[in-house]
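Engineer: Once you've had a glance at the structure underneath, I'll fire off some questions.
The values are calculated or read from the model by the stated rules, or taken from the named source; none is laboratory data. Since the structure is predicted, the reported quantities are computational estimates derived from the model, not experimental observations. Note that each Cβ is placed from the backbone with ideal geometry, even for glycine, and that neighbours are counted across all protein chains shown. Heads up: the accessible areas ignore ligands, DNA and RNA and are worked out on the full protein's heavy atoms, side chains in. Shrake-Rupley method; radii C 1.70, N 1.55, O 1.52, S 1.80 Å.
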Amino acid sequence: MGHNVAQKLIATHLLSGDMTAGQEIALRIDQTLIQDATGTLVMLELEALDLDRAHTEVSVQYVDHNLLQTDSKNAEDHTFLRSACHRFGLWYSKPGNGVSHPTHMQRFGIPGKTLVGSDSHTPAAGSLGMLAIGLGGIDAAMAIAGEPVYLRMPDIWGVRLTGELPAWVSAKDVILEMLRRHGVKGGVNRIIEYHGPGLAQLTAMDRHVIANMGAELGATTTVFPADDQVRDFLRAERREHDFVELLADADATYDVSDEIDLSSLEPLIALPSSPGNVVAVREVAGRQVDQVVVGSSANPGLRDFAVVAAIVSGR
């Protein structure tokens, strides 16, 4: 029987256990991602472990959360983080370099690799065909020290995409449709894997949006195949040499199956105060809006700003 993408990623990093749902497995970790809100504790944990140097292939400390300098505390934290990166051999991404998840995709993401991050949206890297899991700071510290990550083998939830996105419908509406159907706990103890002909039109950054917000479903992580869209993305970043094709086998199966016809989607919106409270935009059209924030780890592309510009053009 063939393997799906998630099974291939796990099989190539499996140190102990077997791929039976519910069984404990240990995984070798290639990369780690830390953000500044959790990074200070991670660095202190590395000191407590008496670590010499990072044992991962790539570890990066991003400063992208606590950027507002109302006093000296954040600046002091950033200075400490930079010195700790020098001490332990981590990359340091200074304030203003960008949000960790899309920046990691651009600079360090490699298909076929594993990533652990001390941030819940670390699964965004699944858009490149990585197995990326958000865990606690101590888990990230242990991974940096070369220790495996232990977890219960999740069910693999295959979501087949067909059709094409209509005008004014984006990748964000795909994940909002998943939340509309399944709520914020629908992905618990599951890895979501998207497949099918509908993938062909979803760019790597489209997939980033979907994989990022898999965390809102409670999923362990989300994975996409590493296909031509991923190759195009890495080529644009001048990193085509990092591309490795990673596709599900033709006879791959899934523990749970679902299907979304992209052609049937319409613009969706999550209302307060839960990402699972999803309705069609037309249902709230005309409601007064007092404040809008554009930009997050789940919508980092120029397209998001272009859409807003088109909406307010001439007003």
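Engineer: Among ARG231, ARG303, ARG82, whose mean-square fluctuation peaks in a Gaussian network model of the chain (Cα, cutoff 10 Å)?
Structural biologist: Top of the fluctuation ranking is ARG303.
Engineer: Right, here's the next one. In nm, give the distance between the simple-model label positions of LYS73 and SER257, each being 7 Å from the Cα along the Cα-to-Cβ direction.
Structural biologist: Computed distance between label sites LYS73 and SER257 equals 5.3 nm.
Engineer: Listed highest first by mean packing, meaning other Cβ atoms within 10 Å per residue, what order do 211-221, 249-259, 52-62 come in?
Structural biologist: Numbers: 211-221: 24.9, 249-259: 13.2, 52-62: 19.3.
In decreasing order of mean packing, 211-221, 249-259, 52-62 become 211-221, 52-62, 249-259.
Engineer: Find how much the distance from ASN189 to VAL281 grows on full extension, using 0.36 nm per residue of separation minus their present alpha carbon separation; answer in nm with one decimal. Could you put the intermediate results ahead of the total?
Structural biologist: Working: separation 92, 0.36 × 92 = 33.12 nm, distance 3.04 nm.
The ASN189-VAL281 span can extend by a further 30.1 nm.
Engineer: What does the C-alpha gyration tensor say about the overall shape of the range 243-286? Classify as rounded when a/c is under 1.5, otherwise prolate if a/b is larger than b/c, or oblate. Please list the in-between numbers first.
Structural biologist: Values: a/c = 2.65, a/b = 2.55, b/c = 1.04.
It is prolate, given that a/c is not under 1.5 and a/b is the larger ratio.
Engineer: Applying the Karplus parametrisation 6.51 cos²θ - 1.76 cosθ + 1.60 with θ = phi - 60° to the phi angles of the range 139-150, what ³J(HN,Hα) value in whole Hz is obtained for each residue in order, glycine and proline being reported as x?
Structural biologist: Running phi through 6.51 cos²θ - 1.76 cosθ + 1.60 with θ = phi - 60° gives 5, 5, 4, 5, 5, 4, 7, x, 8, x, 9, 9 Hz.
Engineer: Shifting gears a bit: Rounded, prolate or oblate: which one fits the range 42-184, using the alpha carbon gyration tensor with axes a ≥ b ≥ c (rounded when a/c is under 1.5, else prolate when a/b beats b/c, else oblate)? List each step's numbers first, then the result.
Structural biologist: Details: a/c = 2.30, a/b = 1.56, b/c = 1.47.
Prolate is the answer for the range 42-184, as a/c is 1.5 or above and a/b outweighs b/c.
Engineer: With labels modelled as points extended 7 Å from the Cα through the Cβ direction, what inter-label distance (nm, one decimal) is found for ASP290 paired with TRP91?
Structural biologist: With each label point 7 Å from Cα toward Cβ, the separation is 4.2 nm.
Engineer: Hey, with R₀ at 25 Å, roughly what FRET efficiency would THR162 and LEU271 work out to, going by the Cβ-Cβ distance, to 0.05? Before the final figure, lay out each step's value.
Structural biologist: Values: r = 28 Å, r/R0 = 1.11.
The value I calculate is 0.35.
Engineer: Accessible area per residue, 1.4 Å probe, Å², for the range 1-112: what's the number?
Structural biologist: On a per-residue basis, 49 Å².
Engineer: Please arrange GLU245, GLU177 by accessible surface area, largest first, computed with a 1.4 Å probe and ligands excluded. All intermediate terms of the calculation are to be shown ahead of the outcome.
Structural biologist: Working: GLU245 115, GLU177 15 Å².
Highest to lowest solvent-accessible surface, that is GLU245, GLU177.
Engineer: Within the chain, what whole-number % of the accessible surface is contributed by carbon and sulfur, with the 1.4 Å probe and all protein chains included in the calculation? Mind dumping the intermediate values first?
Structural biologist: Working: 7570 of 14920 Å².
The computed percentage sits at 51.
Engineer: Something else now. When only C-alpha pairs under 8 Å and at least 6 residues apart count, what is the relative contact order of the range 1-104, in percent? It would help to have the intermediate numbers written out before the result.
Structural biologist: On the way: 120 pairs, mean separation 25.8, N = 104.
That works out to 25 percent.
Engineer: When only DSSP loop residues count, what trypsin sites (Lys or Arg not before Pro) in the range 100-198 have their Cβ near at most 11 other Cβ atoms within 10 Å? List each step's numbers first, then the result.
Structural biologist: On the way: sites: ARG107, LYS113, ARG152, ARG160, LYS172, ARG180, ARG181, LYS185, ARG190; in loops: LYS113, LYS185.
Those satisfying the criteria are LYS185.
Engineer: Right, next: How about LYS185: which aspartates and glutamates have a C-alpha closer than 19 Å to its C-alpha, ignoring those fewer than 8 places off in the same chain?
Structural biologist: Of all the aspartates and glutamates, those that pass the test against LYS185 - Cα under 19 Å, at least 8 places apart if same chain - are ASP119, ASP155, ASP173, GLU177, GLU193, GLU216, ASP255, ASP258, GLU259.
Engineer: Further question: How far is the Cα center of the range 243-288 from the Cα center of the range 18-75, in Å?
Structural biologist: So the separation of the two Cα centres works out to 30 Å.
Engineer: While we're looking at this one, here's another question. Ranked from highest to lowest mean number of other Cβ atoms within 10 Å per residue, what is the order of the peptides 14-22, 284-292, 2-10? Don't skip to the end; give the middle numbers.
Structural biologist: On the way: 14-22: 12.3, 284-292: 6.6, 2-10: 22.0.
My ranking of the peptides, most packed first, is 2-10, 14-22, 284-292.
Engineer: Could I ask something else about it? Return a whole-number percent for the relative contact order of the chain, with Cα pairs under 8 Å and 6 or more residues apart as the contact set.
Structural biologist: About 21 percent, as a whole number.
Engineer: Per residue, what volume in Å³ does the Cα convex hull of the range 30-118 take up? List each step's numbers first, then the result.
Structural biologist: Working: hull volume 7.4 nm³, N = 89.
Normalising the Cα hull of the range 30-118 by residue number yields 83 Å³.
Engineer: Pop out the Kirkwood hydrodynamic radius of the range 117-160 from its pairwise C-alpha distances, inverse of mean 1/r, in Å to one decimal. Could the numbers behind the result be given before it?
Structural biologist: Numbers: mean 1/r = 0.0855 Å⁻¹.
The answer is 11.7 Å.
Engineer: While we're looking at this one, here's another question. Could you tell me what percent of the DSSP beta bridges with both partners in the chain are antiparallel, to the nearest 5? Intermediate values should be presented prior to the final figure.
Structural biologist: Working: 11 of 41 bridges.
The antiparallel proportion sits near 25 percent.
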